[in-house]
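Structure first, then comments.
The values are calculated or read from the model by the stated rules, or taken from the named source; none is laboratory data. Only a predicted model underlies this, so the values are computations on that prediction, with no experimental measurement involved. For neighbour counting, all protein chains shown are included, and Cβ atoms are generated from backbone atoms with ideal geometry for every residue, glycine included.
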Amino acid sequence: MFWLGALGVLGGDRRNETVWANEGSSQGIIGRVASHQEPMPLPLPVLRTTHAADGCALSYAVGLNPGKPRIAFIHSLALSRAIWREVVEAIQDEAEILLYDCRGHGDSERRPGPYTIDGFAQDLAAILDACQWESSTIAACSMGGCVAQAFAAAYPARVGSLALIDTTAWYGPTAVQDWNGRSAKAAASGLASMVDFQFSRWFSDGFRETHPDRTQELAQIFVRNDIGCYQAACEMLGQADVRPALGSLRMPVAVIVGEEDYATPVRMARDLHEAITGSTLTVIAGGRHLTPVQCAAEIAAILRPLLDESRRSNGRTAGHLDAATHQALGGDRPSGEAL
């Protein structure tokens, strides 16, 4: 198949990078091209743009794989679709894949706020419309998980199954104060001053030591953010509360969290799991807040049965996980058994 999309450092100068795949190859080739090399030709289209209801330009990429189940990925705060690189490598032959950058992030328009979770959910609907996708599995991390919950509540027929990764429905009683403080620090000291703090939350010490190129790549995406857009997204998360919608979710849902996630800890994941009837909960041993990067194999293994369930439920009303899918996801593990 062709993988159509860019998964390098997005939202900045990408002249020395390319991502490509061979037709008919079982292994997509994803990586950085050195500045002295001629970039390999990219299957087109690589990046596409559509517009939200308010005209905001939204950048997305689609990997076509006719007949395979569809999955859309939503990234975390102040990063981009680049966080899904390792997961995409693992499942690219098994699905049609949609990656996009949320407004104010990556290659999408740096439109000023205010932002809302519901508005971000409407942006996803606009992108799915542009792709002519009626429904798909949605996999979403951190901020993206909040958006995915709102999207699933507003557009339930468009969600075949849902993976909520390192996320929450509500950041707690001090959320507004906490996120306003994060916003103020970015304005006062710049995003570069926050990188060490972010690294300690995103990745384990061991992962940072063994994957310095990957972590630095994500740091570059982080520091390239527009401060105003970052502040608007922080304020959005401080005000986010999707809890009232959770009881309405009837599609198969997998809740996933890193065992050492300090940003959205296991207790928040357990709250999600307990509020969503029929959901599963998986705690990934040693994972922190960006398990799609650090623990991609584990994430891909959880996504595969969700893709199968989404394909089975296409054309009928989505329900709870069937017995085989539920077992594949680990069965009933309300205590959050670690992998």
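Residues of segment 223-238 that are under 20 Å from Val195 (Cβ atoms), in a helix (DSSP H, G or I) and not polar (S, T, N, Q): Val223, Ile227, Gly228, Cys229, Tyr230, Ala233, Cys234, Leu237. State the number of residues belonging to segment 268-289 that are more than 25 Å from Phe197 (Cβ to Cβ), among the small types (Gly, Ala, Ser) and not in a helix (DSSP H, G or I). Number satisfying all stated conditions: 2.
Just one of the listed residues (Gly172, Gly190) is small (Gly, Ala, Ser), under 21 Å from Asp226 (Cα atoms) and surrounded by fewer than 20 Cβ atoms within 10 Å (Cβ to Cβ), namely Gly190. When Gly113 is tested against the conditions (1) assigned to a helix (DSSP H, G or I); (2) surrounded by fewer than 23 Cβ atoms within 10 Å (Cβ to Cβ); (3) small (Gly, Ala, Ser); (4) touching a residue at least 40 places away in the same chain (Cβ under 8 Å), the lone failure is (1).
A quick yes/no check of all residues on (1) among the small types (Gly, Ala, Ser); (2) touching a strand residue (DSSP E or B) at 6+ places or on another chain (Cβ under 9 Å):
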{"position": "Ile74", "(1), (2)": "no, yes"}
{"position": "Glu96", "(1), (2)": "no, yes"}
{"position": "Phe120", "(1), (2)": "no, yes"}
{"position": "Asp123", "(1), (2)": "no, yes"}
{"position": "Cys131", "(1), (2)": "no, yes"}
{"position": "Ser142", "(1), (2)": "yes, yes"}
{"position": "Trp170", "(1), (2)": "no, yes"}
{"position": "Thr174", "(1), (2)": "no, no"}
{"position": "Asn180", "(1), (2)": "no, no"}
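Consider segment 275-284 and keep the residues that are without any contact (Cβ under 8 Å) to a residue 60 or more places away in the chain and of a type outside the set (S, T, N, Q). The one that is surrounded by the fewest Cβ atoms within 10 Å (Cβ to Cβ) is Gly278. Among the conditions (1) closer than 17 Å to Ser108 by Cα; (2) assigned to a helix (DSSP H, G or I), Gln216 misses just one, which is (1).
Scanning segment 149-170 for residues being in a helix (DSSP H, G or I) and under 15 Å from Ala275 (Cα atoms) gives a total of 4. Scanning segment 285-301 for residues being surrounded by fewer than 24 Cβ atoms within 10 Å (Cβ to Cβ) and either touching a Gly at 6+ places or on another chain (Cβ under 9 Å) or closer than 18 Å to Arg208 by Cα (or both) gives a total of 5. With the condition kept exactly as written, say whether any residue in segment 181-189 is touching a residue at least 24 places away in the same chain (Cβ under 8 Å), more than 23 Å from Thr291 (Cα to Cα) and of a type in the set (S, T, N, Q). Yes, that holds for at least one residue. Just one residue in the set Ala53, Ala121, Ala72 is closer than 29 Å to Ala263 by Cβ, at pLDDT 95 or above and surrounded by fewer than 24 Cβ atoms within 10 Å (Cβ to Cβ); that residue is Ala121.
Scanning segment 239-258 for residues that are over 22 Å from Asp178 (Cβ atoms), in a loop (DSSP other than H, G, I, E, B) and of a type outside the set (Lys, Arg) yields Leu249, Met251, Pro252.
For the criterion of being basic (Lys, Arg) and either surrounded by 24 or more Cβ atoms within 10 Å (Cβ to Cβ) or modelled with pLDDT under 95 (or both), Arg103 passes. Mind checking which residues of segment 251-274 are over 23 Å from Val88 (Cα atoms), buried (at least 18 other Cβ atoms within 10 Å of the Cβ) and in contact with a helix residue (DSSP H, G or I) (Cβ under 6 Å, 6 or more places away or on another chain)? The one that is over 23 Å from Val88 (Cα atoms), buried (at least 18 other Cβ atoms within 10 Å of the Cβ) and in contact with a helix residue (DSSP H, G or I) (Cβ under 6 Å, 6 or more places away or on another chain): Ala263.
With respect to Arg182, is the statement that it is part of a helix (DSSP H, G or I) and touching a Ser or Thr at 6+ places or on another chain (Cβ under 6 Å) true? It is false that Arg182 is part of a helix (DSSP H, G or I) and touching a Ser or Thr at 6+ places or on another chain (Cβ under 6 Å). Residues that are out of contact with any helix residue (DSSP H, G or I) (no Cβ under 8 Å at 6 or more places or on another chain), over 22 Å from Arg201 (Cβ atoms) and at pLDDT below 95 occur at least once in segment 300-310.
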